[in-house]
Every structure is written in C-alpha cells, then in structure tokens.
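Participant: The structure follows.
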Amino acid sequence: MSKQKTSQIDGPTPKNSFGFRITQQNLQTAKALHQHQYLTVMSIEIHAETRGELSPNPEMDPIQVIFYSVYNDVPESEGPQITTGAIIVDKTSSTPGSSQEKITPHKPTLLEKSGIDNLVISYVSDEQELLDEFIQLVHRWDPDVMVGFEIQMLSLGYILQRAAHLSLNICPSLSRLPGTKDGNRFSAEKDPWGADYNTEIHIAGRIVLNLWRVLKHEITLNIYDFENVAYHVLHRRIPLYSFKSLSSWFNHRTHLYRWRVIDHYITRVKGLLQIIDQLDIIGKTSEFARVFGIEFYDVLSRGSQYRVESMMLRLAKPMNYIPVSPSVHQRARMRAPECIQLTLEPDSKFYTNPVVVLDFQSLYPSIMIAYNYCFSTCMGRLDLLAKAHEGQYEFGCTSLRQSPSVIRKLEDDITISPNGCCFVNQDVRKGIISKMVEEILNTRIMVKKAMKSYKDDKALYRMLNARQLGLKLIANVTYGYTGANFSGRMPCIEVGDSIVRKARESLERSIKLVEETPRWGARVVYGDTDSLFIEMKGKSKDEAFVIGQEIADTISNMFPKPMKLKFEKVVYLPCVLQTKKRYVGFMYETRDQKEPVFDAKGIETVRRDNCGAVSKILERCIKILFTSKDISQVKQFVIRQCQKLLEGKVSLQDCVFAKEYRGMAGYKPGACVPALQIARKRLKFDPRSEPRTGERVPYIIVYGTPGLPLIQLVREPRDMIKDPTLRLNGTYYITKQILPPLNRLFSLLGVDVFMWYNEMPKVIRIVPQSVTGAESKKGTISQYFATSNCPVCDEQTKQAICKKCMNDPQTTTVVLSSRIQHWEQIYSKLTQVCYTCMGCQDNKQPCISLDCPILFRRLQASQDNLRGDKLRQDMTKMLDF
DNA sequence: CGGCAAGCCTAG
DNA sequence: TAAGCTAGGCTTGCCG
C-alpha cells in the first residue's frame, strides 16, 4: 500500500499543496493503480466444538475447523482471484501431519447446491497442527489484510485466545516481522480500561479488520450481524444457525450433516469478501489514506482531528508554523463559546403550497475562505486588543502579544467578525485553514468534473468518488476542529465562534431579504444553520422553481466568494414541517420530474430507535396523506394495522427494536435500559455471550402483569421462539410506539389519532380478576390472550382458565405444556424452513404464512408423522395464538 | 401530575 | 488511551 500512497507529495511543482493534479496523465496513472491494488485480503472464521447453548469459549472449546477465503487482487493472468478453503481437525485422519488435497465432494448434487465446490481442504490430526497449518497458510498467502466479521470473540481473536490457552503466542508468527515483539499484541479477555474498543489485534505488517465495526461507520443499519448486512448489502438472505446446531451437526456420528456446517462458514468467509468488495471498503479507505496523507489503518481507527491535523500541518510546516499544544488545564480554562447556530422555530403545519429549499453550499468552509478566518490570521478579540497594548492578552487557550506598532500598522487591513474578533486581510497573510479548505473545495470541484467524463470506467469512477467524498468530509470537520473543546488539541474559540456568528449573520440577512422582497411573494417558514425553507403561497411548482432560482442568485450576490446560496433544486410539494430538525415532504429535484421522492428528515421513518412497524406505518400514512389528501383513508389503514397488531398477526421482525449497547462501564449506576438488561441476563448465563460494546442489541416488548415497569417486559427475539407463552405486547406497540409519532404529525391537521384507536372495536381480552401467588406467575401463559374459551377443556369461561381446570392444576399443566411443546416444535420448524426458503424472496420478508405453498409443502414433508389436514389445523391454531 | 436526568439518535 | 462541534426531539423512570 505504501508503494502508491505517497510519492506525489514530493513531485515536481504540484498544482496544490496536496499534490493533486487532475491531468490526463495523472488520471491514467491513478487508473492503473486502481484497477488492481495488488492487495491480498484474507477472511477467517472458525468453528469450535461448543457445549450446549453456550458460545464458544477458548478456555474450554477446541477449534475444529478454520475457514478462510483469500482475495488476491492481481491481474487475472497471474492466477485465480479467490481461493476458499478450510483446515479441519479430524482425529481419524490416518495420515500423520497435514495432508492437502483438492476435494471433489462425494455428494455432488447436495454440495453443488450449497455452493461447496472448489474448496481447498486440508486435514490435520490435532489442534496444535491446526495452528501450525494456519500459520503456514498465512505465510503462503501473505495477506495484507486479515478480516473476520467479529474478531474479538470469534474468528482471528478466538484463534489467538485459544493458542494462548494452549500456552502459545502465535501473534508474532503470523506477522511479517516474526522476530520482533513490537506491534504484535492482542489482549485476550480483560482490558485495563474495561472498554472493548481497545481490545484490538495488532499483527505487525498486516491490517486486521473487525468488519462489523468498520461497517458501523460505513452503512446505517438497525442491526449489524452478518445476516442483516448480507441482506442489505448483498441482497441475499442467509440463515443463522445457533452454535448448538452447528456443533451437533458437525459432530453427528454419521457425518451426514457436516456439509451444513461447512456450507454455513464458507458462505460467511466468502460473504465477508463480497461485502468488502461491494462497499469498496479497501478502495475507499486507501483513497482516504492518500487524500488525508495518513495510514490505511488510521483512516479506520482514528478520529477526524487526526485527518485535519495531517492536512493542516503539511501546509503549515513549509511556512514555519508550529501548532500550539495546550495542556489540559489551559484547554479547560478557555472561554466558552458565545454563539450558536441559528435554528428557526418552524411554522409547523401541513403545506399544500410549494416550499422551496435553499442552502448555502459548504457554508462554514466558504466563510473561512471568504473572510480569511484562521488561527494564523486571528488577532484576538477587539476589546482585549484595544486594552492590551503592551501586555499579553487572552487568545484561544493560550495568550497572544502584539506590539502596538504592529497593531497600528495593520489598522486598515483588518476585518472584524460580527462577534468582535479581528482578522487580518488575506493580502497581509492568507490563513492556513482558509488556504487548506480552499484547495480542498477546488480539488473537489475538479474531481467532480473528472468524474463526469469517466462515468463508464467503474474502477476509476469509484476512486474519484471516494476522493471527492473524502474531501467533502474533511472540509466539513475543519470547523469542528477549531471548536473542539474537550478533546481538541488546538481549539481556538475566537476562530470557531467567528465562523458560527458569521454564518448566523449571513442566514439572518438572507431571511430578511426574502421577506423584504414582496414581488417574490415568499415567506421563510424554517431554516437551520445554512438552509432556508420558503413557502410560495399560491404558486405552482414551476413558478416555485423559477422564483427559487432567482432568490438563490440574488442572495449569492450579496456575499463574497465563494459563499453561495444554492437552489438545491428542491421543491417540496406537499410537505409537513413538524418541529425543528423534523420534516417530511414530496421532493422534486428537477422541473420536469414527474414522480416525487419521499424525503424525510429527523422523523421516525429515518430513526433507528423505533421498530420497523413504526417507520413503515408512518411512512405509508404520510404517503397516503400526500397523494390522496384523504384522512379517512389514513384512518382506515391505521385501524387495520392496529387490529393486526392486537391479533398478533404481525411479523416479529417488524417489532424488533435494536439499540446500541455501551458496555458495562458505559452506563451510570442504576441505568435501566433494555440493551443493558439483556447484556446482564446474557452475562449471567454465559460470559462469552455479552454483546460487544457498540453492538446494536435487538429486543422486543411482551405482555406481562399490569403495572410492571416496561423494562421487565423486554425480551430477546429468540426468547419469543423458545417460549411460546410470550406474546408481543400489541397494546404497547400501538399506544406507545405507533400512535404517538402519527399523532404528532396528524395533530397538525387537527386530527386526533388516539381517538381512532379508542373508538376501534377491539379483540376481547379477558384479564383474570385476581392474580395470586406463584402458581399464576408460572402460568402467565393464558393471562393475556384473547379467548373466551378455556384453553384446557375448551369450555366457555369468563376467565382465562375455567374454574374446573383451575382446580385441577396438574392436569392443566400437563395439557398446556404438552400443547406448548408441540406448537413450539412446529413453530421452530416453520421459522427455520421459512428463513432458508428461497420461495418468496421477492417479498423480501419471511412470510411465515399458511398461504405460502412452498412453506406448507416443506413443512409437511419434514413432519411426516403429521397428516396434512391435522397439520393445517395445528398451524392455524398456532398462528392465531 | 410536572419537572428532571439519562439515554438514544438525528440534522446540520 | 483517544476522543470534531451543537441543537434538538423524544421515551422512560424517578422524585417531589
């Protein structure tokens, strides 16, 4: 990687300080570099022999197989690109030492179907050999990047921990510098700070990626497990098996099920590489490394301060600048910021007139350039400067001294920011940040131009896009750097505040102009930091486009270059402004666009802290409202959905919440959060199953005794499958999750959504009058489900279980639990079949529906002791239940 | 019941 | 240890 990364910087008279010259030749070189990165990426997963329901534990469970897939990015003529294989411990393996062979599977049809072919399989006789073979494998391929989906508990981490358990430190042997101790480390279990972020694996000369963590920054998902990522990135549904199933299949004495295990992990190792390729992770990261001038791994592991500094210091050094490095104390003493961005309180309502959205293009960077705001041009606050004359005065987190003669000389070359800070003009001295940001923006424009002419060249286009993106990122965080308070290495409140204040002033001026120009007939209804939402009363969409452009041009002319109010070519028609930072609309980007795009900001449709049902229903409702403008249709839809929820006829997946787990140390004592609750529960059962810090932990809400705090109703989704007595808390989902967001929106139209629900005919739910003692706790089963028949004897009763059966608890228990067991069996079969079924893929949802012919047939086939009609009957019962 | 802190996630 | 920024809305549980 280092081969390609740098040399440009020292090249002959680069066009700008970062060495980007967008020339024909340059692009060709870049292209050549990007067609092949000459990188080798190896993905690794392991299978260990687990015990019961427990997760693999390196102190107990030996590794049975190491799976790998290697992507070798070289021109094709030089060899195959992807090699996939496994090293298997087989105690029966007669050959001492390892034997390598290219196997043709003995059951071709089965295996071909599963995609198991062309595997490089080697057998070893024990774990020790497995590790040796693995080390050799690594040296044979010599991968630049080693990756596992989760490398702390599984994959590479498990291998290292297991080796450590066997008193081996194989970290150095895996590295490219086997002799050195430096740079090879991994912390097995506990980490001095208790945080998991730092338990990373370092192997000298190789980059080790914990893929799910990388993906967290790459794409926005509700849950970051392999299956969900594969679904969203690769558009493939991949089944999830428990460790228990995998272990039992692997160890089955007939070896008949082993292929499933192999298939599972091979899908995974291959999938990892496909995900990396699909998202262009390696390409993008390398490109960022080049743009920022930092190392590959640092792009992923370090913050934006590091990036800004890398770019800024490269500019500063030749100019003989040294950055200040304030102490913690100095930083803490710095003045607090006095300005905040301007966020207007929106005129909250449903807009049927067109609303035009204008925003300043890269406002903060533009201000830095236009007004030459920078550390190196700031003279400090005017009041201090005037008083200070001889002595030192406060500046940023340090102090400044200017001789009066200098101040006097500069008097005519100073601009004063709206909050009273002085900056010298750019002919006196051009600010470093200003210069840096200017070059970044210019380069970005060049790159974007180049992208247009290379649309057909996928590799080059991707690279340019990555570069363009990197530049945009860095321009936007440069302001953050000046204001970085608590962690900042070089914050300067004067600079940061001036930028914010100027931005605020600019936006205010723009608003004023719009309101003072009656011929536009426009009214500003909302604005945030750099944007204006303008209602065009009585205007058509076309007129809105014309006037919008005119406003944008007029306002842009009021400001120095490169400040520009851009008509982002967005007209909303119609739209709803809910509150600050929350709005939705049908968006038109061009005048001739026929179908609008649904665009939502901040509301529940785009937030990950509610379940799928909430965002789906809300989005549907808004769409119905926008297209039909008929509230009764919305009402009808909402009521139907509520009924489905109450009847429990809703896909479990739509009711799953997932929130980030901060780690045991990440919560205040006494914190009461679902993710923490689940983590505690899992820890009690199996320390290895604790969610990773930063992991999004899924949960659902079930029914329970009335009065219980919500936290007691939190369950993991898989509990739902294991324990059929649990029922989704339809009431909670409706009244606490679905209706409130709907109501927030529709109350703006004077509609009370809760009324719809209250008036709705509901399923009769009979709650037992008295819940007494332990017996009822155990038997929560029937307390909250809709029936007026006794589930045991089927006699009519007003209670959950009729009096007769209540008096015969033993029979009741037996009847109920055996029925539960039966249902449970069918249900687990059902979900299993459904999740692996390819039949209704276009639905993109597991149907778990009786109407699915494929499901029904498969289920019937798997339950050969069941007659079709009986099965159907049972299934109906279960689904109702 | 209202006010408040903690927690989460988003806009810009 | 290393860590861009602030505003803002919303839920939940606790306290007076």
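Participant: Hey, does the range A:687-696 have a residue that's assigned to a loop (DSSP other than H, G, I, E, B), at positive phi and not assigned by TED's automatic domain parsing to the domain that holds A:ASP225?
Facilitator: yes
Participant: Something else: Quickly run through the range A:488-498 and pick out the residues that are surrounded by fewer than 24 Cβ atoms within 10 Å (Cβ to Cβ) and under 23 Å from A:GLN361 (Cα atoms).
Facilitator: Of everything in the range A:488-498, just one residue is surrounded by fewer than 24 Cβ atoms within 10 Å (Cβ to Cβ) and under 23 Å from A:GLN361 (Cα atoms), namely A:GLY496.
Participant: Which condition breaks for A:GLY480 when tested against (1) touching a strand residue (DSSP E or B) at 6+ places or on another chain (Cβ under 9 Å); (2) within 18 Å of A:GLN361 (Cα to Cα)?
Facilitator: (1)
Participant: Return the residues of the range A:664-680 that are touching a residue at least 24 places away in the same chain (Cβ under 8 Å), more than 8 Å from DNA strand B (Cβ to nearest atom), closer than 24 Å to A:GLY157 by Cβ and surrounded by fewer than 21 Cβ atoms within 10 Å (Cβ to Cβ); say none if nothing qualifies.
Facilitator: Selection gives A:MET664, A:ALA665.
Participant: Of the residues A:ASP457, A:ASP497, only one is at pLDDT 90 or above and either of a type in the set (Asp, Glu) or more than 14 Å from DNA strand B (Cβ to nearest atom) (or both); which?
Facilitator: Going through A:ASP457, A:ASP497 in turn, just one is at pLDDT 90 or above and either of a type in the set (Asp, Glu) or more than 14 Å from DNA strand B (Cβ to nearest atom) (or both): A:ASP497.
Participant: Moving on. Say whether the condition of being over 26 Å from A:ASN222 (Cβ atoms) and either more than 15 Å from DNA strand B (Cβ to nearest atom) or in contact with a helix residue (DSSP H, G or I) (Cβ under 6 Å, 6 or more places away or on another chain) (or both) is met by at least one residue in the range A:576-588.
Facilitator: yes
Participant: Continuing with the same structure: Residue check: is A:ILE367 within 16 Å of DNA strand B (Cβ to nearest atom) and part of a helix (DSSP H, G or I)?
Facilitator: Yes, satisfied.
Participant: Same structure again: Output the residue which, of all residues in the range A:649-660 that are within 14 Å of DNA strand C (Cβ to nearest atom) and within 18 Å of the chain's Cα centre (by Cα), is farthest from A:SER615 (Cα to Cα).
Facilitator: Top of the filtered list is A:GLU660.
Participant: Does A:ASP347 satisfy the criteria of being more than 16 Å from DNA strand B (Cβ to nearest atom) and at pLDDT 90 or above?
Facilitator: No: the conditions fail for A:ASP347.
Participant: Next up: Tally time: how many residues in the range A:458-471 are buried (at least 16 other Cβ atoms within 10 Å of the Cβ) and either closer than 22 Å to A:LEU363 by Cβ or not hydrophobic (A, V, I, L, M, F, W, C) (or both)?
Facilitator: 8
Participant: Can you confirm whether A:LYS539 is part of a loop (DSSP other than H, G, I, E, B), over 14 Å from A:LEU358 (Cα atoms) and more than 14 Å from DNA strand B (Cβ to nearest atom)?
Facilitator: yes
Participant: Please state which one of A:ILE617, A:ILE622 is among the β-branched types (Val, Ile, Thr) and within 16 Å of DNA strand B (Cβ to nearest atom).
Facilitator: A:ILE622
Participant: Looking only at helices (runs of 4 or more DSSP H) that lie completely in the range A:214-309, which have at least 2 residues being touching a strand residue (DSSP E or B) at 6+ places or on another chain (Cβ under 6 Å), in the same structural domain as A:LEU119 (by TED's automatic domain parsing) and in contact (Cβ under 8 Å) with a residue 24 or more places away in the chain?
Facilitator: A:258-278
Participant: Starting from residues that are within 24 Å of A:THR50 (Cβ to Cβ) and touching a residue at least 60 places away in the same chain (Cβ under 8 Å), keep the ones in the range A:697-721 and report whichever is farthest from DNA strand B (Cβ to nearest atom).
Facilitator: Ranking the qualifying residues of the range A:697-721, first place goes to A:ILE721.
Participant: Would you confirm whether any residue within the range A:286-300 is of a type in the set (Lys, Arg) and more than 28 Å from the chain's Cα centre (by Cα)?
Facilitator: Within the range A:286-300 (the criterion being of a type in the set (Lys, Arg) and more than 28 Å from the chain's Cα centre (by Cα)), the answer is no, since none of the residues qualifies.
Participant: I've got another one for you. In the range A:700-715, what count of residues is obtained for those that are surrounded by 18 or more Cβ atoms within 10 Å (Cβ to Cβ) and either in a helix (DSSP H, G or I) or away from DNA strand C (no atom under 12 Å from the Cβ) (or both)?
Facilitator: Adding up the residues that qualify gives 5.
Participant: Limited to the range A:661-678, what total is found for residues that are more than 13 Å from DNA strand C (Cβ to nearest atom) and either farther than 28 Å from A:PRO58 by Cβ or in contact with a strand residue (DSSP E or B) (Cβ under 7 Å, 6 or more places away or on another chain) (or both)?
Facilitator: Matching residues across the range A:661-678 total 2.
The values are calculated or read from the model by the stated rules, or taken from the named source; none is laboratory data. In this text the structure is predicted, and so the values were computed from the model without any measurement. With ideal geometry, Cβ positions are generated from the backbone for all residues, glycine too; neighbour counts draw on all protein chains shown.
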